[in-house]
Structure formats: structure tokens, C-alpha cells
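Here is the structure we will look at.
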């Protein structure tokens, strides 16, 4: 509980103090790199506070000079920050629309190119997917957890189709990612942080340039097999 309190206090203060000038800088320069630099500094420091070690395997499998969609299993609350630390890309994500109502954080997400999704409204959800595909095609990498929520038992849940449609529309490679050990570090539904090691495994990319929207189920199955192969 002490580690969790220290982590949340540090993260909250970090965002409140440094996010406003960082947002102002992005407005002036129209460059979002400072947001990612600060976010990674926050994550590294938070990991040091809590005794969290990260081992990344397979970075050489990321296609060079290609804009990819990184799709990962989802075990714990730390998974999003973990991938921001582990992946050498300034990526965006599809996020629940409610997150764009949070003060300060919503401005950071907006400037970083994150796309809000209204999951209960199919028409608006499709509009968000189309916007994500446009940004992806324009060169913005994306990360997503196709299960849509954290696994409570470590098993891989059903995959939602939206992000796969986005990848196909943009013709962007899908890079499957397996996260191991994050549920023991910061488990869902519990106010606690435990020290330990998390492994991030990157698998071979799956090309989508030759696929049509009718191939989404086959793409889902291939991505799922890759992620599950290391679980």
C-alpha cells in the first residue's frame, strides 16, 4: 500500500506540475515529442520507486521505417505505461471517451494524438476507428489492447474487431506483443504495487497491405495465436 501511495502521489504531482508547460510547448512548436520524453521519465522514476524491472525482447522484429499497430494482451494496470517505456515509438491509442473528460490528462492525450471512442454508440465508434486509420496512415503508430479490458485470471479474452479494421484500412503491419508478469506487479482491482520483473515480448509483424475488411477474422486469429504462444 505504501508503494502504491508513493507511486500515485508522484505521478499525480508530476502531471500537474509538468504537463501544463509541456502542453504549451507543443502548441507553440506543433511537436509532441516533449510529452513522450516527460512521460517516459515519469515511468522510469515510478518504476524505480516501486522496484519494477522491465525486460524487452524482440525489438529487432519491429519493421524499420514502418508505421505499425502494436497489439498486446492486457493483464494489469501498468500495461499502458509499460508499453510506452518498452516501445521505441511515440504512439497513440484509441481511448474511452470518458478519459477525454479528465482535467490536464485529457489535454495531454489530445496533443499526443489519442483518439476517443464512444463504445456504446456504433456510429461514433466507427468514426473513431476511421480517424485512427487516417492518423495511422499519416505516420502515427498506435497501441491497443484488443481484449478491451484487463484479464482477471491471466487467460486471453475475446478480441474486439475495431483496431483490426483500423490496421487493414491503413495497410499498417500488426506487431503482436505479449506482456508477462504485470498482473503480479499492479493487479486489477487492488490498491497495491509489488516489486518484480515484467517481460515484454514482441512477435513477428503481420502484414495487412494485401488484406481486405473481409479478412479481419483471419487477422484476429493470427494475432491471437502469436500473443498466446508466449502465455
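A short reminder: the numbers here are calculations on the coordinates, not readings from a lab. All values derive from a computational prediction rather than experimental measurement. Don't worry about glycine lacking a Cβ; one is built from the backbone with ideal geometry, like all the others, and counts go over all protein chains shown.
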(request) Would you calculate, for the chain, the mean residue ellipticity at 222 nm contributed by helices, counting each DSSP H stretch of 4 or more residues as -39,500 (n - 2.57) and dividing by all residues, to the nearest 500? (result) -14000 deg cm²/dmol
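Compare the peptides 88-100, 155-167 by average per-residue count of other Cβ atoms within 10 angstrom and give them in order, highest first.
Listed from highest to lowest mean packing, they are 155-167, 88-100.
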(request) Figure the gain on full extension for residue 137 and residue 66 (residue separation times 0.36 nm, minus the Cα-Cα span) and round it to one decimal in nm. (result) 24.5 nm
(message) Relative contact order of the chain, please, whole-number percent, based on alpha carbon pairs below 8 angstrom and at least 6 residues apart.
(response) 28 percent
(request) Could you work out the per residue convex hull volume over the alpha carbons of segment 59-179, in cubic angstrom? (result) 109 Å³
(request) Output the antiparallel fraction of DSSP beta bridges having both residues in the chain, as a percent to the nearest 5. (result) 20 percent
(request) Give the span of the chain's Cα atoms along each principal axis, as three whole-Å numbers ordered largest to smallest. (result) 49, 42, 36
(message) Sorting check: for 168-181, 130-143, 40-53, which peptide has the highest mean count of neighbouring beta carbons within 10 Å, and how do the rest follow?
(response) 168-181, 130-143, 40-53
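How big is the Cα convex hull of segment 166-231 in projection, averaged over all directions, in nm²?
Computing the convex hull of the Cα atoms and averaging its projections yields 5.6 nm².
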(message) Let me check against my output: what whole-number percent is the relative contact order of segment 57-145, with C-alpha pairs under 8 Å and at least 6 apart?
(response) 43 percent
(message) Could you list 229, 151, 194 so that the one with the fewest beta carbons within 10 Å of its beta carbon is first and the one with the most is last?
(response) 229, 194, 151
(message) Sequence gap at least 6, Cα distance under 8 Å: using those rules, report the relative contact order of segment 1-61 to the nearest whole percent.
(response) 42 percent
